[in-house]
Every structure is written in C-alpha cells, then in structure tokens.
Amino acid sequence: MKLGILGAGNIARKMAATVSEMEHVEAHAVASRDLQKARDFAQKWNVRKAYGSYEEMLSDPEIDLVYVCTPHSLHFEHMMMCLEKGKHVLCEKSFTMNADQARKVLAYGKEKKLLVAEAIWTRYLPMRLVLDQILERRVIGEPHALTANLCYPVKGVKRLTDPALAGGALLDVGVYPINFAMMVFGNNIESIESSCIKTDSGVDESNSITLTFKGDKMAVLHSSMVSTSDRRGAIFGSRGFIEFLNINNCEGINVYDKDYNLVETYKPFKFITGFEHQVEACRKAIEEGELECKQMPHSEIIKVMEVMDTLRSQWGIRFPGE
C-alpha cells in the first residue's frame, strides 16, 4: 500500500519513520505548501516523491491512503479534498473541529465508498486488547469508576493557543482521557460536568471532566497544556483495581485485588513506534473493502466529537467559522 503524507510537521516525521520499517506499506509521497520543506522531508525520510501543494499530491494515481496531519482546523477541508480525489483517509486526532464536520466527512466517505479513519493511536495499540481481556475476565469484579489524566507543558506551541487553529488542551490532549473512558465504559454517556481554565486567547489550557455512563459508572478526567502529569489511568472495581501506566502510550498494566495485592502485571509489546498499528488496520480494512476500522468505528468518532462539543459549549468556547 502506498501512503501519501499531507503535512510535513513533527507528527508526519514520526509516521514516515514508522512506515520506513513496515513490510506492506511504502511512504510514497509527502506534500507541504512549502516545496523545499517537502523535498527536505522526503530526502531525510526516504519518501519517494515531494509535492509543493496538497492538490498536486492528491492527483498522484499511485497513492492509496493519505495520512492527514495538519492543524485541527484544517482536517475537514483536507479530508474532503482527499475523498474528492478518490483517496482513502487516515486523519490525525482530533478528527475535526466539531461533530457536524465529522458527520459530513464520514457521510462523504461512504458516498465515495472510501475508508475514513481517525488516527487516535491508543485505540489500535495491542495493550488495548490486553485491557479488554482483563475486564472481560472480571479480575477486578464489576468496574464502577475510573480516572485518567494527560498533561504536557506545551503551552508555548503557538497553534495550541490559537483559536483559529482549533487550539486548546481538549482537542490536543484531552481527547485521550475521553477515549480511554469510552474504551472501558462504552459510549452511553448520561451526563457531562466540567470546568476549565482559559488562556488569554480564550481556549482551554486546563480542564476537569466528569462523565457519568449508563449503569452508574463514572469517569473523572483531567488534561492540561501547562503542567506535567503521571499520565495514568486507573479503573476501580468491586474486587480490585487496574493501574494503566501512561494512557497515551501504555508502558504497562498492573492489576490489584481488594487487599491491594498485585495479582497480575503486563508489559507492553515491542513495536516500531506504535503508529504502525493504525496504518496496518487501515491497510487491512481497505483490502477487505471496509469503510471504517473496527478499532475506531465511525459511531465512536462522532460520539467523541459530540462530547468535546458539549464541553466547549459548557466553557463558552467557539472556534472561528463555527
């Protein structure tokens, strides 16, 4: 499968490095609005072709799948452009600025009979399946609550404080705790309560979120772009609890009984960077004629965006153009 990379920033470099070590995928092309930047990227990461416009790359008949990794505010425009040109799409999180954009993209993908997937990599990592199996075996009994946090001191990154680029902690890092909660408790959310601290530019720099799920289950979540956190998730059950080390890239899972004894421990699998799992999921889905990845189905993409829309509404945050 030949991959085109739309955007040439930091996360694009990680994707190119990953694909260079994969067996069934080739980094065929990269596009940037700056042709020299694309050429430098292609040379460094052994990408076959470099383009100075996104439109030009999307006209390349050899490209099967396009990885979109531009700022959040541009995801909708760039995914629609890919689909119009007949390309399958894997788009970085957060998928779009809002749920309405997500619905339109996914509907257009179905109309064009093309795969549309979100690159929320934690949904695709093997340790997600390990966690699912622990929960299925009821080692901790009935899970009733969880906590999860993800914070990095990245406020200095200009796009994160720019409303025009859909900045803020929520869409950049807050999306991970929300996904973690939904991977454990599902998507039947009955109530959402939250608060946030805003930057001078009016986006959220830190937030606190409480989701209540059907069945009297509760998730307490936190994300921020001004501090460093332990990035842990914890799931509390009737007979014990689970410690999930680093919800952004699992470093291990520990399971404890009700007497706080460590009863099971799991170490992460070896992998290239972790990005390969979402790319391979797309490759298999395309091969099988599927329009979505089972690890992150379209219904979940929309639900996550709806949750984030509700949160921003509670905080009085609207992005330009909404």
Query - Per-region count, the stretch 160-209, residues in a strand (DSSP E or B) and open to solvent by 10 Å² or more (accessible area, probe 1.4 Å) - result: 13
Query raised in the report: List, please: which pairs have Cβ atoms under 9 Å, are six or more places apart or on different chains, and start with a residue in the stretch 267-287 that is under 15 Å from Val130 (Cα atoms) and of a type in the set (D, E, K, R) and end with one that is modelled with pLDDT of 95 or more and surrounded by 18 or more Cβ atoms within 10 Å (Cβ to Cβ)?
Result: Lys267/Ile253
Report summary line: Over the stretch 289-322, the set of residues under 14 Å from Leu211 (Cβ atoms) and hydroxyl-bearing (Ser, Thr, Tyr) is Thr310
Query - Failed item, numbered, when Glu111 is tested on (1) closer than 30 Å to Arg318 by Cα; (2) free of Cβ contacts under 8 Å to residues at least 60 places away in the same chain; (3) within 23 Å of the chain's Cα centre (by Cα) - result: (3)
**Report entry** Of the criteria (1) in a loop (DSSP other than H, G, I, E, B); (2) touching a strand residue (DSSP E or B) at 6+ places or on another chain (Cβ under 8 Å), which one Met97 fails
**Finding:** (2)
Query raised in the report: Of the residues that make up the stretch 69-78, is at least one among the acidic types (Asp, Glu), within 26 Å of Leu171 (Cα to Cα), in a helix (DSSP H, G or I) and free of Cβ contacts under 8 Å to residues at least 12 places away in the same chain?
Result: yes
Query - Residues located in the stretch 246-271, provided they are within 18 Å of the chain's Cα centre (by Cα) and either β-branched (Val, Ile, Thr) or part of a strand (DSSP E or B) (or both) - result: Ile247
Report task. With the checklist (1) closer than 29 Å to Met225 by Cβ; (2) crowded, with 22+ Cβ neighbours inside 10 Å in hand, flag the one item Asp100 doesn't pass. Result -> (2)
Report summary line: The condition from (1) without any contact (Cβ under 8 Å) to a residue 24 or more places away in the chain; (2) in contact with a Gly (Cβ under 8 Å, 6 or more places away or on another chain); (3) surrounded by 14 or more Cβ atoms within 10 Å (Cβ to Cβ) that Pro297 misses is numbered (2)
Query raised in the report: Mind checking which residues of the stretch 74-97 are open to solvent by 10 Å² or more (accessible area, probe 1.4 Å), in contact with a Lys or Arg (Cβ under 9 Å, 6 or more places away or on another chain) and within 21 Å of Leu160 (Cβ to Cβ)?
Result: Phe76
Report summary line: When every residue in the stretch 263-273 that is in contact with an Asp or Glu (Cβ under 9 Å, 6 or more places away or on another chain) and either more than 30 Å from Ala16 (Cβ to Cβ) or of a type outside the set (A, V, I, L, M) (or both) is compared, the one surrounded by the most Cβ atoms within 10 Å (Cβ to Cβ) is Pro268
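Give Val105, Val154 a once-over and let me know the one that is outside any loop (DSSP other than H, G, I, E, B) and either open to solvent by less than 10 Å² (accessible area, probe 1.4 Å) or within 29 Å of Ala234 (Cα to Cα) (or both). Steps first, answer last, please.
Numbers: Val154 fails: outside any loop (DSSP other than H, G, I, E, B).
It is Val105.
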Query raised in the report: Taking the stretch 131-151 as the search range and keeping residues that are closer than 22 Å to Thr310 by Cβ and polar (S, T, N, Q), which one is least open to solvent (accessible area, probe 1.4 Å)?
Result: Asn149
Query - Selection within the stretch 33-49 - open to solvent by 100 Å² or more (accessible area, probe 1.4 Å), part of a helix (DSSP H, G or I) and touching a helix residue (DSSP H, G or I) at 6+ places or on another chain (Cβ under 9 Å) - result: Lys44
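Mind telling me which of the residues Ala281, Ala285, Ala219 ends up being in a strand (DSSP E or B), touching a strand residue (DSSP E or B) at 6+ places or on another chain (Cβ under 8 Å), among the aliphatic types (A, V, I, L, M) and surrounded by 17 or more Cβ atoms within 10 Å (Cβ to Cβ)? Talk me through it step by step, then tell me what you get.
Numbers: Ala281 fails: in a strand (DSSP E or B); Ala285 fails: in a strand (DSSP E or B).
The match here is Ala219.
The values are calculated or read from the model by the stated rules, or taken from the named source; none is laboratory data. All figures in this text were calculated on a predicted structure; none of them were measured in a lab. A quick note on method: Cβ atoms are made from the backbone with ideal geometry, for glycine too, and the neighbour counts reach across all protein chains shown. The protein model used for the area step is the full one, side chains on, heavy atoms only, and it has no ligands, DNA or RNA in it. Shrake-Rupley method; radii C 1.70, N 1.55, O 1.52, S 1.80 Å.
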